[in-house]
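Structure record follows, encoded as C-alpha cells.
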Amino acid sequence: MESRVKFLGHPVHPVLIVFPMGLLVTAVIFDAIALTRGASYLFNAAYWMIAAGLVGGVLSAISGLIDWLAIPSPTRAKNIGLWHGLGNLVVLILFALSWWLRRASPDNPSKISLALSFAAVVISLVTAWLGGELVDRLGVGVDTPANLNAPNSLSRRPVKRAEDKPRLKRVA
C-alpha cells in the first residue's frame, strides 16, 4: 500500500516527522542541560524549539492521517496506525501544554512544564517504534504488495509478502 501524500515520488509523512521529532527531542536535551548546568538561555532555546516542533508536528500529523485513512480495515496496520497516531497526538498535546506553561517566562520553566516535555519524549519512543512497525514490518506507505497483517516484529515470525508467494504459471 503506497502513501497517498507524495512529493517527487516519495512519501511525505516519513520526511516530515524528522523535523518535529528532532526539534522536540533537542528541546528536552536542552532542558536537561539547562537543569544540570544552570544555563537558563537553553530553556529559552527549548521554548522556541517546542514552538517550531509543534508546527512541524501538526503538518506531519495531517499527512499521516491522510495515509492512515487509506489503510484498509480491518487490518493489523490500521490498528497500529491508530495507536501510532493517537500516541503522537498525546505527544503534541503534552508539548503544547509544556509550551503554554512556559510562555510567561521561557527562561525559567516550571517543573510541571518540564515533566510534560520529558513524558512526551518517553511516549514518542513508543510511537516511533509503532511507526517503524508500520513502515518496516508492514510496508505501509512504501510497499505496494504490503502485508498489512504481518506479525509483530517482536514475535520473530517472518513476514510473508505477496512477492514471496508462489505464482501460478499462465497456461497458453
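Just so you know, all these numbers are worked out from the coordinates, no wet-lab data involved. Remember, predicted model here, so these are calculated numbers, not experimental data. Positions of Cβ are generated from backbone atoms using ideal geometry, with glycine treated the same way; all protein chains shown enter the neighbour counts.
Below are the figures for this structure:
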| read-out | value |
| --- | --- |
| Cα-based helix-to-principal-axis angle, 111-132 vs the chain, degrees rounded to 10 | 10 |
| For the chain, radius of gyration divided by Kirkwood radius, i.e. Rg to Rh on alpha-carbons | 1.12 |
| Selection from Asn149, Val135, Gly38, by position along the positive dipole direction of the chain (Cβ) | Asn149 |
| Using alpha-carbon coordinates, inclination of helix 40-69 to the longest axis of the chain, degrees | 20 |
| GNM top mover of Gly132, Gly57, Gly22 - the chain, alpha-carbon springs below 10 Å | Gly22 |
| Contour minus Cα-Cα distance for Leu125 and Ser155 (0.36 nm per residue) | 8.9 nm |
| Principal-axis tilt of helix 18-37 within the chain, Cα atoms, nearest 10 degrees | 30 |
